[in-house]
Amino acid sequence: MNRPKVLAKERYLELYRKLVMIRRLEEKIDELFRQGVIKGAVHLSIGQEAVAVGVSEALDKKDLIIATHRGHGHCLMKGADLKSMMAELCGKATGLCKGKGGSMHIIDVKRGMLGAVGIVGSGMPMATGVGLAIKMQRTGQVCVCLFGDSASHGGMFHESLNVASLWKLPVVFICENNLYGLTVSMKKASAVKDIAIRAKAYAVPGVVVDGMDVLEVQRAVQRAVKRARDGLGPSLLECKTYRFMGHSRGDPAYGPYRTREEWESWKQRDPLLVLMNKGGLTSKEVEGIDREVSREIEEAVRFAEESPEPDLSSALEDIYA
Amino acid sequence: MRAITYAEALREALAEEMRRDERVFVFGEDVELGYAFTVCKGLIDEFGPERVRDTPICEQTIVGIAVGSSMIGMRPVPEIEFCDLLTLCMDQICNEAAKLRYMSGGQVCFPLVVRSPAGKWGSFGAQHSQTLDAWFMHVPGLKVAVPATPYDAKGLLKSAIRDDNPVLFIERKLLYQIPGPVPEGEYLVPLGQAKIHREGKDATVVAIGRMVSLALNASETLEKEGIKATILDPRTLVPLDRESILASVRETHRVVIVEEGCKTGGVGGEIAAVVSEEALDDLDAPIRRVAALDTPVPFNAALEDFVLPSEERIIQAVRDVVSF
Ligand SMILES: Cc1ncc(C[n+]2csc(CCOP(=O)(O)OP(=O)(O)O)c2C)c(N)n1
């Protein structure tokens, strides 16, 4: 155990800033969605921020991520420009994807965010291919593939873990287990309690991680990344977490399929609180950060609002290279 | 000119492109031994197991690997052993490969080629005999090539590998062992350019894949009756060489479209629509489509022949449009 027992306060504040950045961004997205400014569906990761931050903290700039429909946090943490993200969510021409991707398909290839994939589970075979390309090109990168618990019940999970393990590909598979797929609980959908145990079937490490604790996530991902870079192949991490909001479309946080009690018990473990407690941060200490973050987000919203709608002719662009 | 088979022509294309560009690699089920249709046979000797790679049986992940690896700079050419199995890969082909460039506002491209054989093999039954070209023609963002001769097989595959878009390269099982003239050395057949195999003023027969040789045989019989038909092969369905088809129809005023897939929702329906939208006034007869009957392909050989298009049906259709 050579890790320092006590992190410097600045480190905690830095991590706090990242967590609260995603939190405030998504609260704003929710607000804009309810106002009809953001259209379609938005899947908020409020409650799950520690995974996005922990993952990105364990990666180098050159590393790659494939995420899911719930991918705002990952995209932002990978370094995407907040303004371009907000503009994309609003469908504007200045958006990351010129207004053609939207919330569910937010992509910033230059920053290594290869995509938020809207089809549940489909990122896994793609990440396997990214891993193969990395290995063939000998670039030393790692590809992190995020997916939900529901995605882990489908065939692509098994196919991809098998191939990635067989070929020792530098991929880290990370299940963000928030216990639900839409309204269906893990209890009704999974034959096993821990998804991580499935790693055994493919001879890769399977690790259950406290997904509410950014430092725990970072540590686990760091180990998996090292293993991948060392040429030892993939890992499967299962981050136990919880979404504090509904699935999408502004549906309620609790109601027919989960109880208020359950929701409240997870709220006690809010990643922001967990970090503040660990670092001994007081509300006073983070006030300044909160203000700054809110200001940045307002600026991004303004940028998005002032941005032009895409030219109709752009609908016919980017179909073929 | 030397004659080599369709399979050999494809193998030459793969080998030449792998030599030319180290980002090109092939993988799939049984490719190391080139078992199923021999196309990849022997490639491993020259290119080694990193670039010629057997996979487990997991079709959607095979295509997914192509999507992911092409996204960051490789040029994968996976083989899907039978085109019927493309049903298992529809998500990766249609939702990922064909969409992500668009959805990302042009940030990525997918220079991948999925090779897969379609059509009759002879009593292989309904799960190993389908021709699904039309399904993929319906997906913007994909290109679709269907070579009919060894010459086209080689030239089109080389172009497909160099193309920066996902290309579905749909071969034909019964053509693999058929030889044809193929020049030594390098040449390309561009995607999106039809080929006129034979010119005649009485009717245009648009034939696809294995149907080209049936149409050519049919045209010989027809010629004895004094009917001269143009045999035109679009070679790629996306992009479709509409201009060549329309130009030919404007000369012959009659058109028959021949495909091995079934009629309803088929390629012929699309081509017929193009002709009627753009050249209705030039037509002197209704458009005729010769296609498989709308049934699964049966096992029994006589039943199989009955449901699939035949020379005889092509002859009938041409006679029909000419005598209208
Ligand atoms: C293959 C597929 N099936 C269904 C859907 C519709 N859908 C979108 S999100 C979702 C739930 C996914 O749950 P999970 O994988 O656990 O991720 P979470 O939403 O909890 O983050 C469903 C069913 C889809 N997008 N793709």
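We did not get these values from a lab; they are worked out from the coordinates using the rules stated. Source: prediction; values computed, not measured. As a convention, Cβ positions derive from the backbone with ideal geometry for all residues, glycine included, and neighbour counts pool all protein chains shown.
Take the alpha carbon gyration tensor of region A:91-235, find the square roots of its eigenvalues, order them as a ≥ b ≥ c, and report rounded if a/c is under 1.5; if not, report prolate when a/b exceeds b/c, else oblate.
oblate
In summary, the lysines within cross-link reach of residue B:224, defined as a Cα separation below 26 angstrom excluding same-chain residues under 8 places away, comprise B:195, B:201. Compared with the dominant Cα axis of chain B, that is its longest principal axis, helix B:267-279 is turned about 60°. Between residue A:207 and A:236, A:237, A:238, the built amide H atoms are under 5 Å apart, and every one of these is 5 or more places off in sequence or on another chain.
Using a 10 Å cut-off around each Cβ of peptide B:23-31, what is the average number of partner chain Cβ atoms that fall inside? Please list the in-between numbers first.
Details: counts 3, 0, 3, 0, 1, 0, 0, 0, 0.
Mean shielding count: 1.
For region A:23-32, 3J(HN,Hα) computed residue by residue from phi via the Karplus equation (6.51, -1.76, 1.60; θ = phi - 60°) reads 4, 5, 4, 6, 4, 5, 4, 4, 4, 5 Hz, glycine and proline entered as x.
Using 27 Å as the Cα-Cα cut-off, could you pick out the over-long pairs in A:187/B:99; A:200/A:278; A:83/B:99; A:100/B:158?
Listed pairs above 27 Å: A:187/B:99; A:200/A:278; A:100/B:158.
To the nearest ten degrees, helix B:311-322 and the longest principal axis of the Cα atoms of chain B are 50 degrees apart.
Per-peptide packing, taken as the mean over residues of other Cβ atoms within 10 Å, places A:122-133, B:205-216 in the sequence A:122-133, B:205-216 from highest down.
Report, in cubic angstrom per residue, the convex hull volume of the C-alpha atoms of chain B.
Working: hull volume 40.6 nm³, N = 324.
In chain B, the Cα hull volume divided by residue count equals 125 Å³.
Taking the DSSP beta bridges with both ends in region A:169-250, the antiparallel portion is around 15 percent.
3J(HN,Hα) along region A:162-171: 4, 5, 5, 6, 4, 9, 6, 8, x, 10 Hz, from the Karplus curve 6.51 cos²θ - 1.76 cosθ + 1.60 with θ = phi - 60°, whole Hz, x for Gly and Pro.
A cut-off of 5 Å between modelled amide H atoms, ignoring neighbours fewer than 5 places along the same chain, links residue B:24 with B:75. Overall, the anisotropy analysis places chain A in the rounded class: the square-rooted eigenvalues a ≥ b ≥ c of its C-alpha gyration tensor yield a/c less than 1.5.
Between residue B:295 and residue A:253, how high is the FRET efficiency from 1/(1 + (r/R0)^6) when r is the Cβ-Cβ distance and R₀ = 45 Å? Nearest 0.05.
Working: r = 52 Å, r/R0 = 1.17.
Here the calculated transfer efficiency is 0.30.
To one decimal place, what Kirkwood hydrodynamic radius in Å is obtained for region B:1-93 from all pairs of distinct Cα atoms? Walk me through the numbers before you get to the answer.
Numbers: mean 1/r = 0.0738 Å⁻¹.
Mean inverse Cα-Cα distance, inverted, gives 13.5 Å.
The alpha carbon centroids of region A:275-295 and region A:171-195 are separated by 31 Å. Here's how it looks for residue B:130: its modeled amide H is under 5 Å from those of B:84, B:119, which are all 5 or more places away or on a different chain. Packing-based ranking of A:253-266, A:98-111 yields A:98-111, A:253-266, ordered from highest to lowest mean Cβ neighbour count within 10 Å. Legend: residue pairs A:39/A:188; B:173/B:263; A:39/A:98, Cα-Cα distance threshold 26 Å; pairs beyond threshold, A:39/A:188.
Of the GluC sites (Glu not before Pro) found in region B:156-232, those in coil by DSSP whose Cβ has at most 14 other Cβ atoms within 10 Å are B:184, B:186, B:199, B:225. Along region B:172-177 the Karplus relation, 6.51 cos²θ - 1.76 cosθ + 1.60 evaluated at θ = phi - 60°, assigns HN-Hα couplings of 10, 4, 6, 8, 3, 9 Hz to successive residues, with x for each Gly and Pro. For the listed peptides A:287-297, B:3-13, A:216-226, A:87-97, a ranking on the average number of other beta carbons within 10 Å per residue, highest first, reads A:87-97, B:3-13, A:216-226, A:287-297.
The angle between the Cα long axis of helix B:59-71 and the main principal axis of chain B comes to about 70°, on a 0 to 90 degree scale. With the Cα gyration tensor of region A:176-320 giving a ≥ b ≥ c as the square roots of its eigenvalues, does the rule (a/c under 1.5 for rounded; else a/b larger than b/c for prolate; else oblate) give rounded, prolate or oblate? Since a/c stays below 1.5, the shape of region A:176-320 is classed as rounded. Normalised by the number of residues in region A:1-130, the mean separation of alpha-carbon contacts (under 8 Å, six or more apart) gives a relative contact order of 21 percent. Based on Cα contacts under 8 Å between residues 6+ apart, region A:120-185 shows a relative contact order of 42 percent. Scaling the Cα radius of gyration of the protein assembly as shown by the globular reference 2.2 N^0.38 Å produces a ratio of 1.09. Shown here is the pair-distance distribution of region B:167-300: with all Cα-Cα distances grouped in 10 Å bins from zero up to the longest one, the shares run 11, 41, 35, 12, 1 percent.
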